[in-house]
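Below is one structure; the comments refer to it alone.
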Amino acid sequence: MKKGLFITFEGADGCGKTTQLKLLSEYLTKNGHEVLLTREPGAKGLGEKIRDILLNFDGVVSDRCESFLFLADRAQHIDTIINPAINEGKIVLCDRHTDSSVAYQGFGRGLSVERINMLNDLAVNGRKPDLTFVFDIDVETSMKRVGDKKDRMESAGIEFFNRVRQGYLKIAQNEPARVKVIDASKSIDEIHAKVIEHVQEVLQNL
Ligand code: TYD
């Protein structure tokens, strides 16, 4: 049986990662791999309810509560969707995962990154991405792409998103083997080619 693989896609809102995730999925499927596309927050089932609170609740959500909701969603996602798929030999492509909590709740909201790392460990129970892409783009461009219809997270402001961006770059600096920074200002095709290059490298070493 094929060995499973876990690849995560990260970056600020509007960085184009979802387009790239779909393109990679098509590429891998064409090449005979079984692929599962999923996302955080809110893959399906209980996660969808947690996602609705996180993105649409219009009352006060404390920063710590927000963190725990993302983490609760993650634990459920790992246990009921990600691990079963990897164990079946699938390639799991996940739109956001642990690094989002570090970048958004840690660097963005200003909670302790060390603690977020600890809580992430608890949520994922030993499962780590084999490869992570950070799609890096300047905040002005990404906010333009998001447009005027912003959800609760997207309304956090430009300073917040500057911290998120720096957070992602720091994560990549700390873990260069796992985390690949991709210049998201390039064309869709150029970015796709880069993504494939990195994925091929990981597949060859499986
Ligand atoms: P979503 O609509 O999925 O945004 P995107 O298409 O940009 O991924 O909304 C997810 C939002 O939740 C996004 O603003 C990032 C944020 N988020 C966190 O703050 N922490 C997390 O741990 C995760 C998974 C997401």
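Bear in mind these aren't lab numbers, they're just calculated from the coordinates by the rules spelled out. All values derive from a computational prediction rather than experimental measurement. Ideal geometry is used to build each Cβ from the backbone, glycine not excepted, and the neighbour counts take in all protein chains shown.
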- Message: Among the residues that make up the range 24-33, is at least one of them away from the ligand (no atom under 11 Å from the Cβ), crowded, with 17+ Cβ neighbours inside 10 Å and among the aliphatic types (A, V, I, L, M)?
- Response: yes
Here the residues within the range 165-202 that are part of a helix (DSSP H, G or I), without any contact (Cβ under 8 Å) to a residue 40 or more places away in the chain and surrounded by fewer than 14 Cβ atoms within 10 Å (Cβ to Cβ) are Q173, N174, D189, E190, A193, E197, Q200, E201
Scanning the range 38-85 for residues that are basic (K, R) and within 17 Å of the chain's Cα centre (by Cα), the one farthest from A156 (Cα to Cα) turns out to be K44
Taking the range 54-86 and the residues there that are of a type in the set (S, T, Y) and surrounded by fewer than 20 Cβ atoms within 10 Å (Cβ to Cβ), the one that is nearest to the ligand (Cβ to nearest atom) would be S62
Residue hits (the range 17-51; at positive phi and out of contact with any helix residue (DSSP H, G or I) (no Cβ under 8 Å at 6 or more places or on another chain)) are G32
Result of the Cβ filter at 7 Å on the range 80-93, keeping first residues that are over 15 Å from L37 (Cβ atoms) and partners that are acidic (D, E), at least 6 apart or interchain, is G89/E34
Listed by first then second residue, the pairs whose first member lies in the range 26-51 and is closer than 20 Å to E88 by Cα, whose partner is more than 16 Å from the ligand (Cβ to nearest atom) and assigned to a loop (DSSP other than H, G, I, E, B), with beta carbons under 7 Å and at least 6 positions apart or on separate chains, are E34/G89; E34/K90; V35/K90; L36/K90
Exercise. Return yes when D130 is charged (D, E, K, R) and either over 18 Å from R74 (Cβ atoms) or surrounded by fewer than 19 Cβ atoms within 10 Å (Cβ to Cβ) (or both) and no when it is not.
Key: no
Q | Condition met for G14 (of a type in the set (G, A, S) and without any contact (Cβ under 8 Å) to a residue 24 or more places away in the chain) | A | no
Picking from N162, N117, the residue that is without any contact (Cβ under 8 Å) to a residue 40 or more places away in the chain, within 13 Å of the ligand (Cβ to nearest atom), out of contact with any Pro (no Cβ under 8 Å at 6 or more places or on another chain) and of a type outside the set (D, E) would be N117
Scanning the range 120-146 residue by residue, those farther than 23 Å from A184 by Cβ, in a helix (DSSP H, G or I) and more than 9 Å from the ligand (Cβ to nearest atom) turn out to be D121, L122, A123, V124
Report whether or not S100 is away from the ligand (no atom under 15 Å from the Cβ) and among the hydroxyl-bearing types (S, T, Y).
no
Picking from G110, G89, G106, the residue that is more than 28 Å from L28 (Cα to Cα) and away from the ligand (no atom under 12 Å from the Cβ) would be G110
Considering the range 101-118, residues that are in contact with a Gly (Cβ under 9 Å, 6 or more places away or on another chain) and small (G, A, S), and then whichever is surrounded by the most Cβ atoms within 10 Å (Cβ to Cβ), we arrive at A103
The condition of being under 19 Å from R51 (Cβ atoms) and among the acidic types (D, E) holds, among D136, D148, D130, D79, only for D79
